[in-house]
1. Among residues belonging to the range B:185-216 that are within 18 Å of B:R248 (Cα to Cα) and surrounded by fewer than 18 Cβ atoms within 10 Å (Cβ to Cβ), point out the one that is farthest from ligand 2 (Cβ to nearest atom).
2. Do any residues in the range C:359-380 that are more than 9 Å from every other protein chain (Cβ to nearest Cβ) have Cβ atoms under 9 Å from those of residues that are in a helix (DSSP H, G or I) and among the acidic types (D, E), where the two are at least six apart or on different chains, and which pairs are they?
3. Of all residues in the range C:142-198, count the ones that are farther than 30 Å from C:Y360 by Cα, assigned to a loop (DSSP other than H, G, I, E, B) and out of contact with any Ser or Thr (no Cβ under 9 Å at 6 or more places or on another chain).
4. Is it the case that A:A182 is more than 24 Å from the chain's Cα centre (by Cα) and either buried (at least 24 other Cβ atoms within 10 Å of the Cβ) or free of Cβ contacts under 8 Å to residues at least 60 places away in the same chain (or both)?
5. The conditions are (1) more than 17 Å from the chain's Cα centre (by Cα); (2) buried (at least 16 other Cβ atoms within 10 Å of the Cβ); (3) not acidic (D, E), and B:A225 fails exactly one of them. Which is it?
6. Since B:V80 meets every condition but one in (1) of a type outside the set (S, T, N, Q); (2) more than 14 Å from ligand 2 (Cβ to nearest atom); (3) touching a Lys or Arg at 6+ places or on another chain (Cβ under 8 Å); (4) closer than 21 Å to B:P25 by Cβ, which condition does it not meet?
7. With within 16 Å of ligand 2 (Cβ to nearest atom) and either touching a residue at least 12 places away in the same chain (Cβ under 8 Å) or farther than 30 Å from B:A126 by Cβ (or both) as the only criterion, which of B:S57, B:S21, B:S67, B:S36 stands out?
Amino acid sequence: MMRVGLLTPLLALAFVALALFMPATAPFFHWLFPENPRPVFLRASFLELTLAHAELVLISAGAATAFALGVGIFVTRPAGREFLPIVGALAAVGQTFPPAAVLALAVPALGYGEAPTLLALFLYSILPILEGTIAGLHAVPADVREAADGLGFSSATKLTRIELPLAAPYILAGVRTSTIIAIGTATIGSTIGALSLGSPIVEGLAAENTAYVLQGALVVALFAILVDRGFELLERRLARQSRSELPASRPRRAAAAAAP
Amino acid sequence: MIEFDAVEKFYAGQRVLGPLSLSIPQGALCVLVGPSGCGKSTTLKMINALITPDAGSIRINAQPVASHPAEELRRGIGYVIQSGGLFPHWRVRDNIATVPRLLHWEKARVAARINEVAEIAAIHRALLDRFPHQLSGGQQQRVGVARALAADPDIILMDEPFGALDPVTRAALQKELARLHHNTGKTIVLVTHDMDEALALGTTIVVMRKGEIAQSGTPAEILAAPRSDFVRDFVGGADAAMKLLEFRKVREVLRGGAESCDHSIRTHDTLRSALTEMMTTGRSILTVQNESGAIVGSIHVEDIVGASKR
Amino acid sequence: MSTADLAATRRTSRLALHDRVALVLALVAAAGSFGAFLSIAPNRLADGRPLTLWNVGLSQTAIVLALLVLVFMAAFIGDRTWRSGALFASGAGLLISMLLIAGTAAAAQLDPQEPARRIALGSAFWILFSVGVLACFQGLQHAARIWKALLSLALAAALIAIAASGELNSLSLAREFHAQRATFPTELLRHIGLVAAAVVVASFCAIPLVLAAVYRSGARSAIFTTLNLLQTIPSIALFGLLIAPLSFVAAHVSLAREIGIGGIGAAPALIALVLYGLLPLVRSADAGLRNVPANVQEAARGMGMNAQEIFWKVDLPLALPALVSGLRVVTVQSIGLAIVAALIGAGGLGTFVFQGIGEYALDLVLVGALPTILLAVAADALFQIVIANVRSRP
Ligand SMILES: Nc1ncnc2c1ncn2[C@@H]1O[C@H](COP(=O)(O)OP(=O)(O)OP(=O)(O)O)[C@@H](O)[C@H]1O
Ligand SMILES: [Mg+2]
C-alpha cells in the first residue's frame with residue numbers, strides 16, 4: 001500500500017514532466033548517444049502525441065463501451081437471450097485474435113491513418129467489455145432479481161437501479177482491460193500511419209535512432225501505467241461503495257479453479 | 001487417556017482458551033459442547049497438534065503430544081472435520097486410503113482395509129469409485145468417518161461431523177456412531193453445538209463457555225445438577241427435566257411391595273417411558289417387573305416427578 | 001380430436017419464427033452479398049474494380065441464392081433437430097461454395113495481357129464466409145459433443161483440402177503465399193519457436209514468484225504490483241525499452257554478443273514476451289493454489305500429511321486446471337505479441353505484416369495476419385481440450 005501510494009504520484013510527475021519538457025532532455029540523450037545528431041524527437045511535441053493518443057483511445061473505448069453495454073444488456077434480456085450463445089462465443093473467440101493482427105486487417109479495409117486504427121481499436125475494445133457486461137449481469141444473484149420483481153420494479157428500473165450497479169465491477173474490469181489493450185494497440189497504430197505516442201518508437205526503429213525509441217517508450221509506458229492506476233482507484237472506490245450499500249448482494253467473483 | 005493440563009491459547013494477545021484441564025478416559029465418547037466460538041474446535045485440534053497450546057501441556061497415554069513429530073502423531077489419530085473436507089480430486093476409495101498410504105501399507109492390505117472400513121461405515125460398494133461431488137451430504141460424512149477409521153487409530157476426533165445434515169440422516173448417523181463406539185471401544189472426542197446430540201451420544205459431556213469448562217460429567221449428572229445458570233439454560237431449562245428422565249431407570253425409584261395393577265413396566269426401562277405409559281393408560285401407578293417377568297414392586301407418578309427435580 | 005392434437009396441428013400448420021439468430025444471419029448475408037465479392041486491380045498499387053457475387057455466373061448465383069434461402073428458411077423450422085441440420089448444412093455449404101466460387105471466378109478473371117493483375121477477396125466474401133461459420137456454430141449448438149467435434153473436423157478438413165488443391169491459386173492471396181513459400185515456413189517456425197521459448201522460460205521464472213506469492217504473504221502485493229505494471233506497458237514500448245540496455249550489454253560483454261544477445265533480434269523479444277507472460281501465469285497459479293478449500297487442506301494436515309505431501313498430493317493437483325488455463329492465456333497472448341516482435345528484428349509472422357504495411361502489399365499483410373490468427377485460435381482450442389481433460393489421479 002505504502003509503496004503504491006508513493007509510486008503513483010511520482011510516476012504522474014515524471015509523465016507530466018516528460019510530456020511537456022522532452023526537448024529539455026536533449027543534453028541527457030546527447031550524452032547517452034554521443035554520435036546521434038538528433039537526440040530528441042521533434043516532429044511533433046510529446047504533448048501533441050499524448051493528446052492524439054488519448055483521443056484515439058477515448059473515442060474507440062467510449063464507442064465500444066456504449067456498443068458493448070447495449071449488446072450485453074440485449075442478450076441478457078428475455079427478448080435477446082437467443083443471441084447469447086453466439087454473441088458469447090464471438091466475444092470469447094474474438095479475444096484470442098491478436099490485437100496487432102486485427103490492426104493489420106483494418107488496413108485492407110480502410111487504408112492507412114487514423115481511420116483503420118480507430119476501427120481496429122473499437123472492434124477489439126468491444127470484446128472484453130461485452131464479456132464483462134454479460135458476466136456481471138449473470139452474476140446478479142437470482143434472489144436479488146426476484147426481490148426486485150417482488151417489490152414491483154419495472155424491468156427498466158430493475159436494470160438501471162439493481163442489475164447494472166451490481167454488475168458495475170465486472171463492466172469496469174472489462175473497460176479497464178479494453179482501455180489498456182487500446183493504449184497498446186494505438187501505439188502500434190503508428191505503423192499504419194496514425195499519429196500517437198508510438199510514432200517516435202516506430203520512426204526510431206526505422207531510422208535506428210534508439211533515443212527516439214526510448215523517449216516514446218518511456219512516455220507511453222508511463223501513460224498506460226497511470227491510466228491503469230486510475231482504473232485501480234476507480235475499482236476500489238466502487239468496491240467500497242457497493243460494499244457499504246448492498247452488504248449481502250455483492251456479486252462474488254467466480255472462483256478460478258473449480259474442483260473436478 | 002487424553003489429558004489437558006492447564007492449557008491456554010491466545011490469539012492477538014486475547015485469551016481464547018483456558019486455563020483448561022481435562023482428562024478423557026480410554027474408551028470414552030467425550031462430547032465437547034458449547035455455543036459458537038467458545039473454543040471447542042480449538043480444544044479438539046490441540047489433541048492432534050493442528051493447534052499448539054501457548055501454555056500448559058497435553059498428554060496422550062502419558063506421552064506429551066509435543067514430544068512426537070506432528071505428522072506421525074496425526075497418522076495415528078483419526079480426524080473427521082466439519083463439512084467433510086474430502087479430497088475432491090480423489091475417488092472415495094482413495095480418500096479412504098489416505099492414511100494407510102501415508103503409512104506405506106502394502107497394496108493388498110490397503111485394498112482389503114478399504115472394503116472393511118466401507119462396511120463399518122455402511123458405505124455401499126458402488127460408491128467407492130465415485131468422486132466426492134457425486135455423493136449426498138450424508139454419504140460424504142460417512143466417507144469422512146471411514147477415512148478416519150482407515151488406519152485403525154485408537155483415538156478419533158470429530159469436529160461437528162453431522163453439522164449440515166437433515167434431522168433424519170443425522171439421527172441415523174448418530175445411531176451408527178454410537179454402535180461403532182460400542183463395538184470398537186475406541187476413544188472418541190466429538191465437537192457439537194447441539195446439546196441434544198451431546199446427550200444422545202456422549203458418555204462424558206464437557207460443556208464449554210468462553211474458552212473455559214463450564215461443567216463436565218455424565219449426561220445424567222449434567223442434567224440433574226447443572227452447576228450454573230449458563231449450563232441450565234444450555235441444557236434446555238425446563239425441558240431438561242424431561243431429558244433427565246431419559247437417563248434414569250425405573251429401578252432407581254422403585255417402591256417395594258406388590259401393589260397389583262393391570263399395567264406394568266420393567267426395571268431397566270427409563271423413567272421417561274414409564275411416564276409415557278402412565279399418560280397413555282391414565283394410571284398414576286404401574287407394576288414393575290424384573291427381566292424375567294417377576295413382579296418386584298411398583299412405581300408412582302410422584303416419585304418420577306421427584307426424580308426429575310434432582 | 002383432443003385439444004393436444006389440435007394444438008399440435010396448429011403448431012405445425014402455422015408459419016412461425018423459431019430461430020431469430022438464423023434470421024439475422026440470413027439478412028446480414030443477403031445485405032452483405034451486394035458488396036464486392038472480388039476486387040480486380042491491374043496491379044498492387046492501383047485501386048480495384050469490384051465484381052459482385054451476382055455477376056459471377058448463373059450457376060454460382062443460383063447456388064448462393066439457394067444456400068441463403070436455406071438459412072432463411074431454417075429460421076422457421078419448428079423441429080430443433082431439423083432446424084439445426086439445415087443451419088449446419090447451409091453454413092457448411094456457404095463455406096465450401098464461397099471458396100470454390102472465389103477460386104473459379106478468380107481464375108476466369110486472369111488475363112495473360114495483365115500478368116500483374118491482382119484479384120483480391122472483397123467484403124462480400126468475408127461477410128458470407130463469416131455467416132457460414134456462425135451458421136455452423138448455431139447449427140451445432142445443441143449437438144452432442146462427439147458430433148460437434150466430428151462435423152467441425154470434417155468441415156475443416158474439406159476447407160483445407162480445397163485450399164491445398166490449387167483451386168484458389170488465382171487469388172492474389174494465394175499468389176502472395178506462393179511468392180513467400182521460401183520464407184514462410186522459416187518465419188512460421190521462428191514465430192512458434194519464439195512463443196514456445198517464451199512460454200517455457202516464463203513458466204520456470206513464474207515458479208519462485210508463485211511460491212513466494214502464495215506462501216510468503218509479505219511478497220504478494222509487491223509481486224502483483226510489479227507484474228501488473230509490466231503487463232500494462234504497451235508491447236512495442238517494452239521492446240523499445242529493452243533495446244538500449246541490451247545493446248549496451250552486447251557492446252561491452254563479448255560473450256553476450258557471441259550467444260546472440262543484442263539490442264535488436266530475438267533477445268529483447270524473448271525477454272519482453274517472458275515479462276508479459278509472468279502475470280497471467282502467476283495470477284492463475286496463485287488463484288488455483290489459494291482456492292484449494294481450507295477444509296480440504298485442514299483434512300490433509302489432520303490426516304498427517306507433511307507440507308511437501310500436501311503440496312504435491314493436494315494443492316498442486318487441485319490447482320492444475322488453473323495452471324493450464326494460465327498457460328493457455330500466456331500462449332495465446334504470446335502468439336499475438338510475437339507479431340510486434342518483428343519490428344525489432346526478431347522475425348516471425350509479423351515480418352510479413354509489417355513488410356506488407358510498408359510496401360502497401362495488402363495480401364502480404366494477410367499472409368502474416370491470417371496464420372497468426374489461426375495459430376492463436378488453434379492454440380486456444382487445444383488448451384481448452386486439455387483443460388477439459390485434466391483430472392488428476394492420486
Ligand atoms: N486463527 C485464529 N485467529 C484468531 N482467532 C481465532 C483463530 N481461530 C479461532 N479463533 C478464535 O478463537 C475462539 C474459539 O474458536 P473455535 O474455533 O475453537 O470455536 P468453536 O467453539 O469451535 O466455534 P464454532 O462452534 O463456531 O465452530 C473464537 O473466538 C475464534 O474467533
Ligand atoms: Mg468449530
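1. By that ranking, first place goes to B:T203.
2. C:A361/C:E176; C:L364/C:E176; C:V367/C:E176
3. 1
4. Answer is no for this residue.
5. It is condition (2) that B:A225 fails.
6. The one condition B:V80 does not meet is (2).
7. Of B:S57, B:S21, B:S67, B:S36, the one residue that is within 16 Å of ligand 2 (Cβ to nearest atom) and either touching a residue at least 12 places away in the same chain (Cβ under 8 Å) or farther than 30 Å from B:A126 by Cβ (or both) is B:S36.
Yes/no matrix, rows are residues, columns are (1) touching a helix residue (DSSP H, G or I) at 6+ places or on another chain (Cβ under 7 Å); (2) surrounded by fewer than 19 Cβ atoms within 10 Å (Cβ to Cβ); (3) more than 14 Å from C:S33 (Cβ to Cβ):
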residue	(1), (2), (3)
C:F72	yes, yes, no
C:A75	yes, no, yes
C:R80	no, yes, yes
C:L87	yes, no, yes
C:A102	yes, no, no
C:A107	no, yes, yes
C:D111	no, yes, yes
C:V131	yes, no, no
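The values are calculated or read from the model by the stated rules, or taken from the named source; none is laboratory data. Computed from a predicted model, the values in this text were never measured in an experiment. Note that we place each Cβ from the backbone using ideal geometry, even for glycine, and neighbour counts take in every protein chain shown.
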